[in-house]
């Protein structure tokens, strides 16, 4: 099967290791519902986090069905955060944009200054004693 342009783009983004990549997965039947809402979140995050070393990509699984099996996508929408070429975090279902932003920002070196300048405060994970 020939790879779609979407698939090629995502695979290049993941492989180049120029910061985290947040990929959102949807299909045509979900695009007008919660998947569209999630994609709007990613569009806004991409704009809001302009200048942060992170990238965002939306994948229509009707055009790139190989990702269903490759990344075990069972729920739509789904999002995967790739760090250093590997899946770091998996989000299933509609996910709050603040949660997505924090997940990305916590993987970007030097993002503390960006978060402070924009008022974006991410919770610090609690370490078990």
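Data overview
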{"item": "81, 94 arranged by Cβ crowding within 10 Å, fewest neighbours leading", "result": "94, 81"}
{"item": "Sorted by Cβ neighbour density within 10 Å, fewest at the top, the residues 90, 55", "result": "90, 55"}
{"item": "Separation of alpha-carbon centers, region 62-81 and region 5-20, rounded to whole Å", "result": "15 Å"}
{"item": "Antiparallel %, DSSP beta bridges [both residues in region 5-118], to 5", "result": "65 percent"}
{"item": "Using a Förster distance of 22 Å, the FRET efficiency for residue 74-residue 40 (Cβ separation, nearest 0.05)", "result": "0.45"}
{"item": "Cα gyration tensor shape for region 1-111, rounded if a/c is under 1.5, else prolate or oblate", "result": "oblate"}
{"item": "Amide N of region 62-76 lying under 17 Å from the label point, which is placed 7 angstrom from the Cα of residue 92 along Cα→Cβ", "result": "68-76"}
{"item": "Extension gain from residue 29 to residue 9, taking 0.36 nm per residue of separation minus the Cα-Cα distance", "result": "4.9 nm"}
{"item": "Estimated inter-spin distance, residue 99 and residue 48, nm [label 7 Å along Cα→Cβ]", "result": "1.5 nm"}
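Taken together, the values in this text are just the output of simple stated rules run on the coordinates, not laboratory data. If you're wondering where the values come from, they're calculated on a predicted model, not measured in any experiment. When we count neighbours, we look across all protein chains shown, and the Cβ atoms used for this are built from the backbone with ideal geometry, even at glycine.
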